[in-house]
Amino acid sequence: RDFAKLFCTHYDLTGEFFAVVEELAGVPVGLWPVPPDCVLALPDLSKPKGERTYTVTAGGRMCTLPTASVVYVKRLNPADPLGRGIGIAYALGDEVDTDEHAARYTKNAFYNNMLPGAVIAIEGFNESQAGPAKA
């Protein structure tokens, strides 16, 4: 059940899902999910089938896996059908980036004791002489 939930989450958000097939004496006995951000490179289609590999990072180590050992399911990207998959996270990219930049700006303002970078004043201006504020 957890494997299926993880599959759906990765597929919906990133548009792709990877699983490594565990074999025992040439017989598949298990599937191990691999997060899409851990897959650094897809197989090079210009190479012969036997030489095609996935480049994966796991636990701080980089390894190559033969294509026969990896299950790759993707939602096709119309702009690049032979490339990586595309999911709803791609469409939300600008909003996520905007939120991240706003959070960093606010954090830096707190580190600056909420002091403005500059103060602009007009010589001889007095707020009490300006009159009541208009709504």
Notebook entry, point to check: Consider P78 against the criteria (1) in a loop (DSSP other than H, G, I, E, B); (2) within 16 Å of the chain's Cα centre (by Cα); (3) of a type outside the set (A, V, I, L, M, F, W, C): it satisfies all of them except one. Which criterion is unmet?
Noted result: (2)
Next item on the list: Would you mention how many residues in the stretch 72-112 are of a type in the set (K, R) and closer than 24 Å to Y11 by Cβ?
Entry: 3
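Conditions tested, residue by residue: (1) of a type in the set (A, V, I, L, M); (2) modelled with pLDDT of 85 or more.
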| position | (1), (2) |
| --- | --- |
| K47 | no, yes |
| V71 | yes, yes |
| L76 | yes, yes |
| D97 | no, no |
Margin query: What's the number of the only condition in (1) closer than 24 Å to A91 by Cβ; (2) assigned to a helix (DSSP H, G or I); (3) of a type outside the set (F, W, Y) that G50 fails to meet?
Written below: (1)
Check: Yes or no: A109 of a type in the set (A, V, I, L, M, F, W, C), assigned to a helix (DSSP H, G or I) and surrounded by 13 or more Cβ atoms within 10 Å (Cβ to Cβ)?
Finding: yes
Check: Do we have A58 as touching a residue at least 12 places away in the same chain (Cβ under 8 Å) and out of contact with any Ser or Thr (no Cβ under 9 Å at 6 or more places or on another chain) here?
Finding: yes
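Using the structure shown, decide if P33 is farther than 27 Å from A91 by Cβ and part of a strand (DSSP E or B).
No.
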Item checked: Residue among A41, A25 that alone is in contact with a Ser or Thr (Cβ under 9 Å, 6 or more places away or on another chain), over 23 Å from V96 (Cα atoms) and free of Cβ contacts under 8 Å to residues at least 24 places away in the same chain -> A41
Check: Would you say T55 is part of a strand (DSSP E or B) and under 21 Å from the mean Cα position of the chain (by Cα)?
Finding: yes
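The values are calculated or read from the model by the stated rules, or taken from the named source; none is laboratory data. These figures come from a predicted structure and were not determined experimentally. All Cβ positions, even for glycine, are placed from backbone atoms using ideal geometry, and neighbour counts span all protein chains on display.
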